[in-house]
Amino acid sequence: MNRPESKRNHWLFSVDPHNYHWDTLFVKGKEMWRGAGSRPDAMRQLKLVRQGDRVLCYHAAPERSLYALAEVTRDPYPDPHDKDSKNLVADLRALERLPRQVSLAELRGNRALRKVKFLKNVRLIISPVPDEEYQEILRMAGIVAAPGLPLP
């Protein structure tokens, strides 16, 4: 069951496009995301992710830009490929590619995004994005709300 729009959290998930490209998620439509690996900081954040949350999909170097939107379809659970069951994964569903990719330089240049932790430490794999900043990022990407309809 998805949470109401007002209770939905927003995240930025970063991947190395040489190891995993967000297009893979769009080809499959839905996929188990294993990008947190065993990094303690990523595991702490992934434990906070919940079904219904929105994810800004970011490609790290060399692209360094936001690429797409996804939705978490299942709360994090133990990675079935990890024999020690220490790592977590989350199921994601592709929502849409951004109409316009937003570069890291553009994100850093927008003073309204100063609360986004990822912009202070781009090595983060998973980072929370406050509601107002999420809306600003969608605006920068060319997604605008239709009257009476919430943003994705």
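The values are calculated or read from the model by the stated rules, or taken from the named source; none is laboratory data. Please read all numbers here as calculations on a predicted model, not as lab measurements. So basically every Cβ, Gly included, is an ideal-geometry build from the backbone, and we count neighbours across all protein chains shown.
Can you report the number of residues in the range 111-130 which are surrounded by 12 or more Cβ atoms within 10 Å (Cβ to Cβ) and not aliphatic (A, V, I, L, M)?
6
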- Note on the structure: When (1) surrounded by 15 or more Cβ atoms within 10 Å (Cβ to Cβ); (2) within 16 Å of the chain's Cα centre (by Cα) are applied to Glu106, the one that fails is (2)
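Let's see how each residue does on (1) surrounded by 18 or more Cβ atoms within 10 Å (Cβ to Cβ); (2) without any contact (Cβ under 8 Å) to a residue 12 or more places away in the chain:
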residue: Phe13; (1), (2): yes, no
residue: Tyr20; (1), (2): no, no
residue: Thr24; (1), (2): no, yes
residue: Gly29; (1), (2): no, no
residue: Arg34; (1), (2): no, no
residue: Pro40; (1), (2): no, yes
residue: Arg44; (1), (2): no, yes
- Task: Examine the range 11-28 for a residue that is under 20 Å from Leu98 (Cα atoms), in contact with a Leu (Cβ under 7 Å, 6 or more places away or on another chain), part of a helix (DSSP H, G or I) and not hydroxyl-bearing (Ser, Thr, Tyr), and state whether such a residue exists.
- Result: yes
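To keep it simple, each residue is scored yes or no on (1) over 17 Å from Ser127 (Cβ atoms); (2) at pLDDT below 95; (3) surrounded by 14 or more Cβ atoms within 10 Å (Cβ to Cβ).
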position	(1), (2), (3)
Lys7	yes, yes, no
His10	no, no, yes
Leu48	no, no, no
Tyr58	no, no, yes
- Query: When you go through Asp84, Asp75, Asp53, Asp16 one by one, which is the residue that is modelled with pLDDT of 95 or more and more than 17 Å from Glu133 (Cα to Cα)?
  - Reply: Asp75
- Mind checking which residues of the range 60-85 are of a type in the set (Gly, Ala, Ser) and crowded, with 17+ Cβ neighbours inside 10 Å? Ala60, Ser65, Ala68, Ala70
